[in-house]
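Let me begin by presenting the structure, written as structure tokens, before commenting on it.
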Amino acid sequence: MPSPLVIIAALLTAAAPLLAYNQAPSPTLLNQCLAFGTWGGFVLALAPGRLSVQGWPLQAALLALVGGVLWSWGPGQLPSSLALSSLSLLLGAMVLAWAGTESARQRDGVAVFTAFATGLLVAGLLSVLVALVQVFLPDWADGGLIAHSGLVGRAVGNLRQPNHLCSLLLWSVIATVALLELRQLSLGVAVAVVVALVFAVELSASRTGAAGLALLALWGAFGRGLSRPTRALLLATPLIYAASYGAMLAWGEWTNQAFGAEARLAAAAGGIDSPNTRSRIWGNALALIAQQPWTGVGFGEFNLAWSLTPFPGRPTAFFDHTHNLPLQLAVELGLPLASLVLALLGATLILGWRRSRAAGGAIGVAGMSAWMMVLMIALHSQVEYPLWYAYFLLPAAFAGGFCLGVPAGALPQRQSLAGVVAGALLVAGASVALVDYLRVVAIYSPGEAAGPLARRVEEGQHSLLFSYHGDYAAATTPELGAGEALAFERAPHFLMDTRLMMAWARHLDSTGRTDLAVVLAERLREFRNADAKEFFAVCETPGAAEFQCRTPTRQPNWREYLQPLPPDGVGAAGAARAPQPGAAPSATQ
């Protein structure tokens, strides 16, 4: 039996995906800080012992990713704020994987997993209540306790994404099954819980969630050592989903309202084609891999490289991820390193399955349930990118470490000072990140005592982890002036959008790099974004000479945009237009 402190810490981890309150500019940053802090508290309570070699494939995969970030940051040009944010997440995942492996190896490993599963179950059940309010009582969603759903008739949870809600709900189903097998829940309670969780999956209208139910049914059909009631419950999950769909269809007809799943099916049946399908972004990613197969574009640089590479039939949305884990690793790390990471992750799944299957008994149940959680999030990672969020990455790392650590015989309980320090560092890191984030919040949501915008933006640009938000504000607010050159050097690495691309093109033209500005404008045209209509309106005038109206004379490689300006701050063409000493300033200066 774990200590009460471990149980409390596990229950507190449920808070991260349930937090609805957020502060611009990031809708999930507070959730991620809370996840870092609560999972750090879980590690602190566990105080895991000496790192064993059993968790080597997962630790090696994470370490290889750390190397990829360092390469993109050092020899590459990834800004330090983005690099440090990624390194923090990866190092946190290594700590949670260590805690999972060592917990499984000890005599109270089953009890620790029970606490872990209970935390996930609590998060899932409370998310069911959120989903019910968002679909049936949307006026109750105040944005503070329950998030508004931006998708009419669909549940999005407090994480504001249907697929994220489903990932959490399906983890909760696995946790329920584990607790049933470990005799921590009665059959009647487990059935009621699973019905509620699957009903909430249907309310999200997520196809990813529906695919996850098929995986649960396969577990029920082929899982070894499951009791007959548990096997039947797992096999019934697709049927529960179908019944939920039928119930919602009847409710929709009765109330004369459409619901999410029906609307999605109607759109598919009507042949409604979106330019932003995953197949399109996957095709673009494959093209980038073919262009840079060995070293990739650099960790965290997919959006920048993709936005600056010609793709006439590109999606019209600004994708910051390929929505497929293998493709993302290949395009950013290059095929050699990506293959190594994927091989290590594959070894994690294979060894975790073998060890959990061979263990048998309660620890085998715990190990196999942890393995199913990893497999479920791996499935979702083929069409989404949940592991880029701390509230999924950290528990997934713990579950992966746990199934690797499942032993044939349990060791005496061991704790270490190193484990205490590691957990404390995660908690402290969450606090530091939160305070640092408030520096950029002040730009977008100033308080009564806030200073002028220029000073707030300058302060945001000095943020340790989130300076890219300050850079974006500086780059897209030309009247600020100060910090503009630094802003355009760093902001495009985070996420390109119409506003930033227009501002950057103007900056390139004003600093003498007009050829790059012309090509950047061409890239912006490919997105066919309505917000750029005014930017290109000048081209409707016959003989317009503005840079956005010109035809590119060459197609520069996207890395040319990252080359620094000469020491004088302008290129040759810009120097020709620069005011000479003693000249009267123009009205625009």
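The values are calculated or read from the model by the stated rules, or taken from the named source; none is laboratory data. The structure presented is a predicted model; accordingly, all values stated were derived computationally and were not measured. Glycine gets a Cβ as well: all are built from the backbone with ideal geometry, and neighbour counts include every protein chain shown.
Some observations on this one:
- Residues in segment 388-410 include at least one that is surrounded by fewer than 18 Cβ atoms within 10 Å (Cβ to Cβ) and under 21 Å from the mean Cα position of the chain (by Cα).
- Cβ-Cβ under 6 Å pairs, at least 6 apart or on other chains, segment 20-44 side buried (at least 19 other Cβ atoms within 10 Å of the Cβ), far side at pLDDT 95 or above and hydroxyl-bearing (Ser, Thr, Tyr): Leu29/Tyr437; Asn31/Tyr391; Ala35/Tyr391; Thr38/Thr13; Trp39/Thr13; Phe42/Thr13
- Cβ pairs under 6 Å, 6+ apart, first in segment 146-175 and free of Cβ contacts under 8 Å to residues at least 24 places away in the same chain, second outside any helix (DSSP H, G or I) and of a type outside the set (S, T, N, Q): His148/Ala141; Ser149/Val156
- Qualifying residues in segment 202-212 (those that are surrounded by fewer than 24 Cβ atoms within 10 Å (Cβ to Cβ) and among the hydrophobic types (A, V, I, L, M, F, W, C)) - the one nearest to Cys166 (Cα to Cα): Ala210
- Flag if Val128 is closer than 30 Å to Thr255 by Cβ, at pLDDT below 95, surrounded by 20 or more Cβ atoms within 10 Å (Cβ to Cβ) and hydrophobic (A, V, I, L, M, F, W, C): no
- Search result, residues across segment 288-334 that are within 19 Å of Leu524 (Cβ to Cβ) and assigned to a helix (DSSP H, G or I): Leu288, Phe302, Asn303, Leu304, Ala305, Trp306, Ser307
The rows are residues; the columns are (1) of a type in the set (Phe, Trp, Tyr); (2) under 26 Å from Pro446 (Cα atoms); (3) at pLDDT below 90; (4) part of a helix (DSSP H, G or I).
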site	(1), (2), (3), (4)
Glu459	no, yes, no, yes
Asp509	no, no, no, yes
Val519	no, no, no, yes
Arg528	no, no, no, no
Pro542	no, no, yes, no
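- Flag for Pro75 being without any contact (Cβ under 8 Å) to a residue 12 or more places away in the chain and outside any helix (DSSP H, G or I): yes
- Criterion applied to Ala99, Ala60, Ala93 was being surrounded by fewer than 20 Cβ atoms within 10 Å (Cβ to Cβ), under 30 Å from Gly361 (Cα atoms) and modelled with pLDDT of 95 or more, and the one residue passing it is Ala60.
- Selected residue (criterion: nearest to Ser88 (Cα to Cα)) from residues of segment 432-454 that are surrounded by 14 or more Cβ atoms within 10 Å (Cβ to Cβ) and hydroxyl-bearing (Ser, Thr, Tyr): Tyr437
To keep it simple, each residue is scored yes or no on (1) without any contact (Cβ under 8 Å) to a residue 40 or more places away in the chain; (2) closer than 23 Å to Pro275 by Cβ; (3) crowded, with 21+ Cβ neighbours inside 10 Å; (4) β-branched (Val, Ile, Thr).
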position	(1), (2), (3), (4)
Leu480	yes, no, no, no
Pro492	no, yes, yes, no
Asn529	no, yes, no, no
Thr553	yes, no, no, yes
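- Note on segment 151-207: residues that are part of a helix (DSSP H, G or I), touching a Cys at 6+ places or on another chain (Cβ under 6 Å) and either over 17 Å from Leu18 (Cβ atoms) or hydrophobic (A, V, I, L, M, F, W, C) (or both) amount to 1.
- Of residues in segment 189-201 being of a type in the set (Val, Ile, Thr) and over 21 Å from the mean Cα position of the chain (by Cα), the one surrounded by the most Cβ atoms within 10 Å (Cβ to Cβ): Val198
Conditions (1) assigned to a helix (DSSP H, G or I); (2) not small (Gly, Ala, Ser), marked per residue:
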position: Leu12; (1), (2): yes, yes
position: Cys33; (1), (2): yes, yes
position: Phe36; (1), (2): yes, yes
position: Arg50; (1), (2): no, yes
position: Gly55; (1), (2): yes, no
